[in-house]
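Worksheet: the structure to be examined is printed underneath.
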Amino acid sequence: MIPALMPTYNRADLAFERGEGAWLWTTDGRRFLDFGAGIATSSLGHGHPHLVRAIAEQAGRVMHVSNLYRVPQAEELAARHVANSFADSVFFCNSGAEANEGMVKAVRKYHAETGHPERYRMICFEGAFHGRTLAMLAATGNEKYLAGFGPPVDGFDHVPFGDMNAVRAAITPQTAGIMIEPVQGEGGVRPATLRFLRDLRAACDEFGLLLALDEVQTGMGRSGKLWAHQWAGIEPDVMSSAKGIGGGFPLGAILAKEHVAKHLKPGTHGTTYGGNPLACAAGNAVLDVMLAPGFLDRVDRVARHLWRGFLDLAARHPLVVEEVRGAGLLLGLKLRPEVNNGEMQSACVAEGLLTVAAGMNVLRVAPPLIITEAEADLALEMLDRACRRLTPSQAKAAAK
Ligand SMILES: *Cc1c(COP(=O)(O)O)cnc(C)c1O
């Protein structure tokens with residue numbers, strides 16, 4: 001019989017009842033070091049006192065009123081994001097896919113309102129992940145996710161990630177913009193080079209296209225800067241955020257320059273509970289922590305420490321690890337073809353470490369941003385033991 005909870009996930013047989021910082025406890029009393037953070041989402045870890053208090057206090061006052069009224073918490077959160085980014089204006093929603101949908105609508109509307117309604121197509125990249133709604137499945141372009149859901153939504157063209165010649169060749173009079181993750185997360189923790197991001201910005205300027213960044217996974221401090229594109233010294237025209245922006249509370253956002261945002265007039269886009277008082281109280285609490293002096297520098301420092309540890313780990317286990325990749329606290333171990341990332345993930349669980357699988361046989365590590373170097377070292381020891389668990393069978397396979 002079908003489970004009451006629709007079986008869209010292959011869930012691990014673990015149920016957590018409590019968390020504190022980077023640690024989670026199961027209902028049967030086992031403790032895990034959480035280096036998955038609910039897929040790069042619980043960025044302040046579990047039970048962060050400031051976030052918990054903000055949510056509890058707001059819940060007791062008023063949770064939801066709809067966007068028919070002013071929402072002071074949303075006005076404040078938007079103003080703070082504007083003050084700390086390229087953006088002039090922010091739209092709040094509830095998830096990454098919803099933010100990306102709105103972002104693509106904003107790009108199309110911009111061209112429609114500036115005399116180019118024929119420009120509606122987005123150039124996207126192979127290996128991308130933009131979400132599970134019908135249009136974002138098309139933007140993702142992965143056959144595995146598209147299969148069985150009818151004709152893909154029109155308007156998304158795919159080129160190889162990092163290939164500037166292919167991008168230029170794909171630009172047509174119908175192209176509206178370029179949509180890219182600064183680091184492909186689900187696709188295999190694959191960073192774009194800073195040069196590629198700058199070249200995309202230049203191409204957008206040259207051809208009158210909009211640069212639309214999907215920073216759902218890379219944003220909100222995960223790279224060691226608030227937004228990953230800041231490392232490249234460029235600014236997008238529009239950007240999506242979700243995951244870490246609410247610290248685990250569902251919240252998404254579209255951040256846009258004025259020339260884009262001004263075309264989303266009343267009635268053109270909306271959401272019932274996007275940006276409600278409760279979600280925005282969470283968002284403000286997250287920003288309180290992340291914008292505090294030294295927080296992002298600390299993330300950068302711990303990330304570099306973890307990166308060095310990963311390089312050591314890869315050197316010690318060449319039969320398991322093929323490559324270390326990623327940026328900041330979004331790191332990946334690309335495993336040798338003989339080793340399956342699902343098996344590696346299970347070996348980590350056996351050692352008490354939670355990680356997330358990603359495409360291209362990559363084990364993804366995306367801890368809460370509040371981890372200490374000591375916790376990073378603990379995770380490295382667990383990963384080392386997990387690699388040793390896998391090495392014998394792997395070595396056998398390699399010897400064949
Ligand atoms: C997770 C993710 C999404 C989708 O976010 P949801 O909240 O699951 O809809 C979109 N883009 C990127 C880059 C993501 O990592």
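The values are calculated or read from the model by the stated rules, or taken from the named source; none is laboratory data. Note that the structure is a prediction, hence the values are computed from the model and not measured. Cβ coordinates were reconstructed from backbone atoms using ideal geometry, including for glycine residues, and neighbour counts include every protein chain displayed. In case anyone asks, the SASA skips ligands and DNA or RNA and just uses the protein heavy atoms, side chains included. Shrake-Rupley method; radii C 1.70, N 1.55, O 1.52, S 1.80 Å.
Annotations
- The GNM of the chain, with springs linking C-alpha atoms under 10 angstrom apart, assigns the highest mean-square fluctuation among 347, 56, 242 to 56.
- For the chain, the tally of Lys pairs with Cα-Cα distances below 17 Å comes to 8, considering only residues 8 or more apart or on different chains.
- Nonlocal amide H pairs with residue 45, under 5 Å, H built at 1.01 Å: 369, 370
- Here the accessible area is traced with a 1.4 Å probe on the protein chains. For segment 1-102, carbon and sulfur cover 56 percent of it.
- Once C-alpha pairs closer than 8 Å and six or more residues apart are averaged by separation and normalised to the residue number of segment 254-353, the relative contact order reads 14 percent.
- For the chain, the solvent-accessible area with a 1.4 angstrom probe is 44 square angstrom per residue.
- Positive-pole candidate from 142, 66, 182, dipole of segment 59-185, charges at beta carbon: 66
- Against the chain, whose longest principal axis comes from its Cα atoms, helix 341-351 is set at around 60 degrees.
- Two-decimal ratio, the chain, of alpha-carbon radius of gyration to 2.2 N^0.38 Å: 0.99
- Computed helical MRE - 222 nm, the chain, DSSP H runs ≥ 4 contributing -39500 (n - 2.57), nearest 500: -12000 deg cm²/dmol
- Inter-centroid distance (Cα atoms) of segment 30-63 relative to segment 214-237, Å: 22 Å
- Peptide ranges 74-84, 59-69 listed from the most packed, as the mean C-beta count within 10 angstrom indicates: 74-84, 59-69
- Rounded tilt (10° steps) of 295-316 against the dominant C-alpha axis of the chain: 40 degrees
- The long axis of helix 49-61 is offset from the longest Cα principal axis of the chain by roughly 50 degrees.
- Across the chain, C-alpha contacts under 8 Å between residues 6 or more apart give a mean separation that, scaled by the residue count, equals a relative contact order of 22 percent.
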